[in-house]
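Student: Submitted below is the structure of interest, expressed as structure tokens.
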Amino acid sequence: MSDATEANGTTGEAEVAEPGRDTAKTTEGTEGAVGRHVRVVLVDDHRMFRTGVQAEIGQTARTGVEVVGEAPDVDQAVAVITRTRPEVVLLDVHLPGGGGVEVLRRSAALMADPEQPVRFLALSVSDAAEDVIGVIRGGARGYVTKTITGSDLIDSIFRVQEGDAVFSPRLAGFVLDAFASTDAPPVDEDLDRLTQREREVLRLIARGYAYKEIGKQLFISVKTVESHVSAVLRKLQLSNRHELTRWATARRLV
């Protein structure tokens, strides 16, 4: 069972907007979207989050953003993106079925289309360097965290549509450092044993978050957090969260 299933009871089905639903292009609005229009697909495994984003940005007459589909996992994301051919995809990094990087890999031909390219903007709770670099290497045009405001997210979507690269302020440095280096990043066999979700929990534990706070940030139950912590400790052969914090700090993961 996925984290989203435990948190919300279901991961949901991929959804495609019905033709004609709220598709009017804006002529005036409060979000600076005057005269602009962009077709967007939302990919995130938490239905409540997708609903919140849809409510925030999807009032097309006001924002210029038309949400044409959504999906909770890799397979459904690829299917919806292929069927609707949006201009921008808002993509979560951690998804059932292989994560955002897998969606990018399977959408390579759509991104490379010279006539109608599909562009990707990562939207994630994670601010980890490896997550940022992974999706950018995969072809995403930008990466913003879920702390972003609605108006800034709308602006970021339009900038990506136009071909710009967009990052939350502190994340841009990760990308510059990664691509400035001519050396391949070192392989950490211990870290590679962990799943993407376990890395998220590890990082938050190392930063001093309580289990309840981690559950709230990642939209999962406290019981699920405990399970992930146990798995991390077992895989890394550590005894407690203090050792885990030292391990993460030594690798600059905090």
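Student: What would the Debye equation give as log₁₀ I(q)/I(0) for region 100-141 at q = 0.15, 0.23, 0.30 Å⁻¹, counting only Cα atoms as equal point scatterers?
Tutor: -0.35, -0.72, -1.06
Student: Counting C-alpha atoms alone, how compact is region 191-236: give Rg to one decimal and Dmax as a whole number, in angstrom.
Tutor: Looking at region 191-236, its Cα Rg and Dmax stand at 9.5, 26 Å.
Student: Mind listing the long-range amide H neighbours of L95? Cut-off is under 5 Å, sequence gap 5 or more, other chains count too, H placed in the peptide plane at 1.01 Å from N.
Tutor: Those lying under 5 Å, H to H, from L95 are G100.
Student: Separate question: How large is ³J(HN,Hα), in whole Hz, for each residue of region 124-133 in order, when computed from phi with the Karplus curve 6.51 cos²θ - 1.76 cosθ + 1.60 and θ = phi - 60°, using x for Gly and Pro?
Tutor: Whole-Hz 3J(HN,Hα) from phi for region 124-133: 9, 6, 7, 10, 7, 4, 5, 5, 4, 5.
Student: Measuring from label point to label point, each 7 Å out along Cα→Cβ, what is the R137 to A108 span in nm?
Tutor: Taking the simple label geometry, R137 and A108 are separated by 1.4 nm.
Student: So who's got an amide H within less than 5 Å of the one on V67, skipping anything under 5 residues away but keeping other chains? H placed 1.01 Å off N, in plane.
Tutor: So V67 has HN proximity to V40.
Student: Can I ask one more? Residue by residue through region 139-149, what is 3J(HN,Hα) from phi via Karplus (6.51 cos²θ - 1.76 cosθ + 1.60, θ = phi - 60°)? Round to whole Hz and write x for glycine and proline.
Tutor: x, 5, 8, x, 8, 10, 8, 6, 7, 5, 7
Student: Taking a probe of 1.4 angstrom, what is the accessible area of T82 in Å², to the nearest 10?
Tutor: So the heavy atoms of T82 present about 80 Å² to solvent.
Student: For region 84-127, which GluC sites (Glu not before Pro) pass both filters: DSSP loop (anything but H, G, I, E, B) and at most 12 other C-beta atoms within 10 Å?
Tutor: E115
Student: Mind grabbing the accessible area of H37 for me, 1.4 Å probe, Å², rounded to tens?
Tutor: Approximately 40 Å² of H37 is accessible to the 1.4 Å probe.
Student: Taking 0.36 nm per residue of separation and subtracting the Cα-Cα distance, what length does fully extending H242 through R193 add?
Tutor: 15.7 nm
Student: Using a cut-off of 11 Å between beta-carbons, work out the net charge of the residues near R85 (Lys and Arg +1, Asp and Glu -1, R85 not included).
Tutor: -1
Student: Once ligands and nucleic acids are excluded and a 1.4 Å probe is used, how much of K223 is accessible, expressed in Å² to the nearest 10?
Tutor: Its heavy atoms expose roughly 150 Å² to the probe.
Student: For I148, enumerate residues with amide H under 5 Å from its amide H, sequence gap 5+ or separate chain, H modeled in the peptide plane.
Tutor: Amide H neighbours of I148: none.
Student: Can you work out ³J(HN,Hα) from phi for every residue in region 220-227, in order, using Karplus 6.51 cos²θ - 1.76 cosθ + 1.60 and θ = phi - 60°, giving whole Hz and x for Gly and Pro?
Tutor: 10, 6, 4, 4, 5, 4, 4, 5
The values are calculated or read from the model by the stated rules, or taken from the named source; none is laboratory data. Predicted, not measured: the structure shown is a model, and the values here were computed from it. When we count neighbours, we look across all protein chains shown, and the Cβ atoms used for this are built from the backbone with ideal geometry, even at glycine. Side chains included, ligands, DNA and RNA excluded: accessible areas come from the protein's heavy atoms. Shrake-Rupley method; radii C 1.70, N 1.55, O 1.52, S 1.80 Å.
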